[in-house]
Amino acid sequence: MLKIQSLAKSYGTKEVFTNINCHVKHGEIIGLVGENGAGKSTLLHIIATLQKQSAGKLFLNDYDYKRQMKQVRQQIGFVPQEVSLWEHLTVKENMEFFEKLSWKRKTSEDLRQLCLEMELEQWKEQVSTLSGGTKRKLNLAVSLIHDPQLLLLDEPTVGIDLKSKQEIAHYLKMLAHERQVAIIYISHDMDEIINLCDYTYCLGEDSFYETFLQQHGQKVIKLT
């Protein structure tokens, strides 16, 4: 599904990473870990088409990132670490606003059902009144309006309650296993990585995460 070949990124003379080769299949939930500054978010942004690589190639369902950018973007959902919602609008208004920007048309009932699937029951409440966990769910729902085949998440549960974390994890497992969505998941919460991910890519020179996850039975693949 997603193929990355000899990927490198640098800013001037500063190399972020070099020669990354990996792939992600349909229905897999893949962790991405590493110390701060290792390049996790940069890699995710390149996969999301928000940044360009310095070298290397990427393919999504055989679409070339360089030659078929539109087709690639239509298949990707991206959830940034920061909550990116209109605080003064209701849940319904946010969903309808982002639907208008989406590649795919959805009815208001379709959008409502998407929220209910992830136990986001608020609909007419203003976003500014919602809990952190509920905002995170809505942030995720917005990214799924166009039914992406690849979902990229950058610490999507940071700072929220355990119940909301578990509900989001349950929904992500359903997306992967029942709908065959491929998911790449960045987190510093190793319990999340161990319980949610099928295996984990480790980025950077520090071996702490690699060793810790292996000790807890997680398959880890080192990226350079």
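Structure above, values below:
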| read-out | value |
| --- | --- |
| Highest average packing first - 122-128, 211-217, Cβ atoms within 10 Å | 122-128, 211-217 |
| Acute angle (nearest 10 degrees) that the helix 91-100 long axis makes with the longest principal axis of the chain, alpha-carbon atoms | 60 degrees |
| Degrees separating the helix 108-117 axis from the principal Cα axis of the chain, which is the longest one | 60 degrees |
| Distance between modelled label sites at Trp86 and Trp123, nm, 7 Å Cα→Cβ extension | 1.9 nm |
| Rg and Dmax of the range 1-152, Cα atoms only, in Å | 17.2, 51 |
| Length added when fully stretched, Lys104-Tyr63, from 0.36 nm per residue minus Cα-Cα | 12.9 nm |
| Which listed pairs, of Lys40/Lys135; Lys3/Lys52; Lys135/Lys163, have C-alpha distances above 18 Å, in listed order | Lys40/Lys135 |
| Rounded tilt (10° steps) of 132-143 against the dominant C-alpha axis of the chain | 80 degrees |
| Coordinate range along principal axes, alpha carbons of the range 81-142, Å, largest first | 28, 21, 20 |
| Distance (nanometres) between label positions extended 7 Å along Cα→Cβ at Phe212 and His26 | 3.5 nm |
| Principal axis dimensions, largest first and in whole angstrom, of the range 166-224 by Cα | 34, 21, 17 |
| Cross-link pairs beyond the 24 Å C-alpha cut-off, checked among Lys70/Lys219; Lys25/Lys222; Lys100/Lys173 | Lys70/Lys219; Lys100/Lys173 |
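Read the figures in this text as sums done on the coordinates, not as results from a lab. None of the values given here were measured: they were computed from a predicted structure. Please note: Cβ atoms are built from the backbone with ideal geometry, for glycine as well, and neighbour counts cover all protein chains shown.
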